[in-house]
Amino acid sequence: MTQTAEDRKWMRRAIALARRGEGRTRPNPPVGAVVVRGDSKLGVGFHRRAGEAHAEVVALDACRGAARGAALYVTLEPCCTHGRTPPCTDRILREGIARVVVGCRDENGCHCGRGLDVLAKRGVDVVYGVCEEEARDLTRPFFKHVTTGLPYVTVKLAMTLDGRIADREHRAKWITGAAARAEVQRLRRRADVMLVGAGTVCADDPSLLCRLRGAGGVDGLVRDTKESGASPAGVLPAPPAGLLRVVVDASGRTPAHAQVYTDAAAARTVVATTQVGAARKAAAWALHGAQVWTLGAADDGRVPLELLLKRLGAAGYLHVLCEGGGHLAGALQDAGLVDEYELFYAPALLGDSRAVGALEGRGTLLADVRRWRCVDVKRFGEDVRIRVRKA
């Protein structure tokens, strides 16, 4: 299973294509594919949304019957089972593809390794694990969901160097600069669910919408409108149902006139609450179409976050981005529900013990602290983003 520099080059092209579908393919993962002969690209594609053609099929369609003997680069192991669409392995064999290069295997128990075995037994040269870590980045939410039933949870925090996300008067606009805030919009575009707490809605009245949705060329994506899967003028496909906004409000603190409950996307808002909160505000929250999920209450009177995530997972949501305050982030951390942190640090210090901390949960002692794995450090203007995942 020898891989070459050319393999890595074309796989990275497939990964870039796959990112065009992020946040739009649930319950499927985003996948990209490129068909190559020698140094020439014959066809490309990405999976646009569930029920539509998979990336391999889109790329092969673009070849117009000229793919025999070529190599197929695909970010995820091709499927070999019937679902909403026929098995991709059947199409690959029918087109006469000679070599299949895969970024990562499908960790879904009923698929893992089967697609590769089908191809190898029919004489196709199969290589896997090319740019594997980058390919897995695309599919982490999907793999978490198929193995646990829960969505992947990313917590985003923008803070000063001394770990404060707002000053003593709860003002947070703006700790980080424009470049870091633009990256946060890209994070939103890749997620299925935006999660915030009542405090964030009360303090900021945010829209929680992604201002990049529908814009071409974001995230360094391919703008070539001749590539299969691209919409006219490079516009990205709209998500099947849009970003779901979830507000965690146990006691009914958030005002019914908040943007998330009254704007044109109100039907895409869920309030996760307790019986106390529902009795106080359910009718007012739902006036413009917001959904109210009454989940009972934990022993401390809060919304049971694991139950909320289970309900989101059961509804097919793969990736939750939490932009809530320190209390919600702390509660998720205490419950062991966070998979990844996106930590944005601004070169500033508040030096105020009364300022709002990034994580305001129960916490732990140093002897019991959990170590995370640092996977990326990147600069955005004067700010620095550190990405860590569960070790």
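Among beta bridges identified by DSSP and lying wholly in the chain, the antiparallel ones come to about 45 percent.
Working ranking of peptides 372-379, 345-352, 59-66 by packing, defined as the average number of other Cβ atoms within 10 Å per residue, highest first, is 59-66, 345-352, 372-379.
Values of log10 I(q)/I(0) for segment 141-390 across q = 0.09 Å⁻¹ run -0.41, by the Debye formula with one identical scatterer at each alpha carbon and no solvent.
Taking the chain as the region of interest, the number of lysine pairs whose Cα atoms are within less than 30 Å, with members eight or more places apart or on different chains, is 24.
Going by a ≥ b ≥ c, the root eigenvalues of the Cα gyration tensor, does segment 5-138 fall in the rounded group (a/c under 1.5), the prolate group (a/b larger than b/c) or the oblate group? It is rounded, given that a/c, with a ≥ b ≥ c, falls under 1.5. For the chain, the longest piece that avoids every one of the GluC sites (Glu not before Pro) found in DSSP loops with at most 15 other C-beta atoms within 10 Å covers 170-381. For the chain, the dipole from Cβ point charges (+1 on Lys and Arg, -1 on Asp and Glu) about the Cα centre works out to 680 debye, to the nearest 20. Put simply, segment 1-76 fits an ellipsoid with semi-axes of 21, 15, 9 Å; these come from the alpha carbon gyration tensor as the roots of five times its eigenvalues, largest first.
Restricting segment 114-179 to chymotrypsin sites (Phe, Trp or Tyr not before Pro) that sit in a DSSP loop and have at most 11 other Cβ atoms within 10 Å of their own Cβ leaves 174.
Taking the Cα centre of segment 5-138 as origin, work out the dipole magnitude from +1 charges on Lys and Arg Cβ and -1 charges on Asp and Glu Cβ, in debye rounded to 20. Each step should come with its number before you reach the end.
On the way: 23 positive and 18 negative charges, 86 e Å.
With Lys and Arg at +1 and Asp and Glu at -1, about 420 debye.
All of the numbers you see were taken from the coordinates with simple rules; none came from a lab. What you are looking at is a predicted structure, and each value in this text was computed from that prediction instead of being measured. Cβ atoms come from the backbone with ideal geometry, glycine included; neighbour counts cover every protein chain shown.
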